[in-house]
Amino acid sequence: MNLPRLSLDRESLLRLDAALAQEWLETDGLGGAASSTVLGCPTRRYHALFMTPRPGSVKRYVWLSRFEDALVVEGHELPLSMARYRGTWTPHGHQALESFELAPFPRWTWLWGGLWIEREVLVPRGESCVLVRWRVRGAGESVTLRARPLLPFREADALSIENMALDPRVEPFELGSGGGVRCRPYAELPQIALASSDAFRWTSDGVWYRGLEYQVDLLRGYDGHEDQFSPGSFEIQLEDGADVVIQANLGAPLADPRARFEREARRRVAALEHARPGVRGALELGADAFLQRTPAGRTGVVAGWPWFLEWGRDTNIALPGLLAARGRNAELGDALAGQLPFLREGLLPNVFAALPADSHYGSVDASLWFARAVRLHERAGAGTREVARRFLPALLEIATCYRDGTGLGVRGDDEGLLVAGAPSLNATWMDARILGVPVTPRHGQPVEIEALWCFLLAYVEHLCEHAGRAAEARAWRAHRERAERAFVARFWLADEERLADVWRPEDPDRALRPNQVIAAALEWSPLSRAQRGLVAKCAAEVLLVPRGLRTLDPRDRAYVGRYAGNEHERDRAYHQGTAWPWLLGFFVEAWLRGVGDGREDRAYLRGILDGFEPHLLEAGLLHVSEVFDGDPPHAPGGCFAQAWSTGEILRGYALLDA
């Protein structure tokens, strides 16, 4: 199967359990999205046709969840939609569904007798709106489309309930050959405009749809029921071969929905024509789903769909793969430069807000990953002098503040390494907490933090040399050499031929975890080539599964092999055995640097990455999930589309082609 051109037939769609787990995603590049299952049946609160940040905020709202749509022919109604309510499914639009196509944009086709009906959903890149197009073929006479919008008007993480505060009024407007209605269900939220490309009849009959049920939310231990309001319905006459487009946007209506649809459709078709086959082609095509342009014009990364926002650590891990690995290195440089105003005493945000003052600074490693991303930008073709001019002041600020002491308990010790976090503060990527207590305590000196610190010291030395600042380069070289000696002395376990996970003088943690692979992969590492190879082989023998690296040795008593259950149960497993695909980029790099980079090595590593092909059809279509069970069959979990999963797998492919 040519993955980027994914199409599902009727037989596949009628395997309901599988089809309800397959999710599609459309994004606008501005922080907004549309998504649902391939049946169009929402299974989580985030499934929506129009979900965007509230103006002036990064927090997303669900404005339009879906259309309850049907075709009326000679008094008979063919439902196109599907939904779950308490104890029942209604309507049953899946029963006549013939096919679903993902690219160039989601398209459903129904067959009713000799009548073919298509519905397409498209979110234009760079515009905050959604376009839905219906078309009929084989109609002997005109048929009627009935489309009823459901408007939750709530935060994406929340649920709505029937209430008396809602304003049910709608206001009609004219727009070209069509027109539409606008309404403002709550005074404190913006107006939504629903515009039709063609003539229509609107019936105002406000009604609450009560007890919608989201099965995935319930399985995750959350409330999964809500009520949604609909102000009325469109009725539009469709002739054979004709189509109609309904557009939703906030504020004043946008003109000409049909032209907007056709313009974006042409762009999508052209992009699809140039897509590679296979896993790499699918991920390249979907990588832009994670890139967003903020209102200030900065390029950011949505860490994961459907619920994550922009996270500093995830952003700086993902960016090189999302951009440089796809030949867009200049954009990578601009994206990195866009973070510079957020730098505070050497720290970059763990969670970006619109302004630095509103951002959350809770990650010790976001700044260290930033330094690595800058180096990858340089290696991808940016001139060293230009990189030094643009980024050396920030990198020196990070290095100096970390050495002298800054927030999150970060400070240099007597041997040149860093101390970070506290027993109650876990500031690394393994940050799950239950009732405020870290599940995986890693305060002190975590192995990947110290390796990234040594990398940063080497990098500022390198840039200072090229910037003609010889004295500073010598000083940082001395610091690096001291830190590297301490790293090997503290972390290398000669008896086991691998690295410990955390060093604390009173309580070192020798757990076998994948963080050591990061240390073995970095370009500038304290490890020898032989040590890198031993770490990579250890990870291959103990941690590697078909979907990533386990976060803990399965022989460890603390290992949890299933990521499932309620929030606390999932948090117990999150970094205690759950497998993470983003670590595979580092596994590939560590193997090439330490074991070998010959033809057989590259074939072995490429086989691991290509092995994701079945997964690209089981959850977020043509996307890689956030996590997988450590135990077979390695079921996916977490976000159905994760930025650093995509970014690091793409970077792994680029390394293999180098």
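The values are calculated or read from the model by the stated rules, or taken from the named source; none is laboratory data. Worth saying up front: this structure is predicted, and the values here are computed from it rather than measured. Because the Cβ atoms are built from the backbone with ideal geometry, glycine has one as well, and the counts that use them run over all protein chains shown.
Observations
- Some residue of segment 286-298 being within 30 Å of GLY362 (Cα to Cα), among the acidic types (Asp, Glu) and buried (at least 18 other Cβ atoms within 10 Å of the Cβ): no
- Any hit, segment 304-317, residues being among the acidic types (Asp, Glu) and either closer than 21 Å to PRO55 by Cβ or not assigned by TED's automatic domain parsing to the domain that holds THR384 (or both): yes
- Residue among ASP223, ASP240 that is at pLDDT below 95, outside any strand (DSSP E or B) and charged (D, E, K, R): ASP240
- The strands (runs of 3 or more DSSP E) found entirely in segment 69-184 that carry 3 or more residues being in contact (Cβ under 8 Å) with a residue 40 or more places away in the chain and surrounded by 13 or more Cβ atoms within 10 Å (Cβ to Cβ) are 82-85, 97-101, 115-122, 129-137, 143-150, 170-175, 178-183.
- Residues within segment 405-420 that are under 18 Å from PHE487 (Cα atoms) and either aromatic (Phe, Trp, Tyr) or in a loop (DSSP other than H, G, I, E, B) (or both), tallied: 6
- Subset of segment 247-285 [in contact (Cβ under 8 Å) with a residue 12 or more places away in the chain, surrounded by fewer than 17 Cβ atoms within 10 Å (Cβ to Cβ) and outside any helix (DSSP H, G or I)]: GLY251, ALA252, ALA255, ARG276, PRO277
- Scope segment 526-559; condition surrounded by fewer than 24 Cβ atoms within 10 Å (Cβ to Cβ), among the small types (Gly, Ala, Ser) and in contact with a helix residue (DSSP H, G or I) (Cβ under 8 Å, 6 or more places away or on another chain); matching residues: ALA530, GLY533, ALA540
- Residues that are in contact with a Gly (Cβ under 8 Å, 6 or more places away or on another chain) and in a strand (DSSP E or B) within segment 185-197 comprise ALA193, LEU194, ALA195, SER196, listed in sequence order.
- Qualifying residue in segment 277-296 (condition: closer than 30 Å to PRO356 by Cα, among the aliphatic types (A, V, I, L, M), at pLDDT below 95 and under 27 Å from the mean Cα position of the chain (by Cα)): yes
- Inter-residue pairs, beta-carbon under 6 Å, first more than 14 Å from LEU617 (Cβ to Cβ) and in segment 6-29, second charged (D, E, K, R) and surrounded by fewer than 21 Cβ atoms within 10 Å (Cβ to Cβ), 6+ apart: ARG10/GLU98; GLY29/ARG125; GLY29/ARG293
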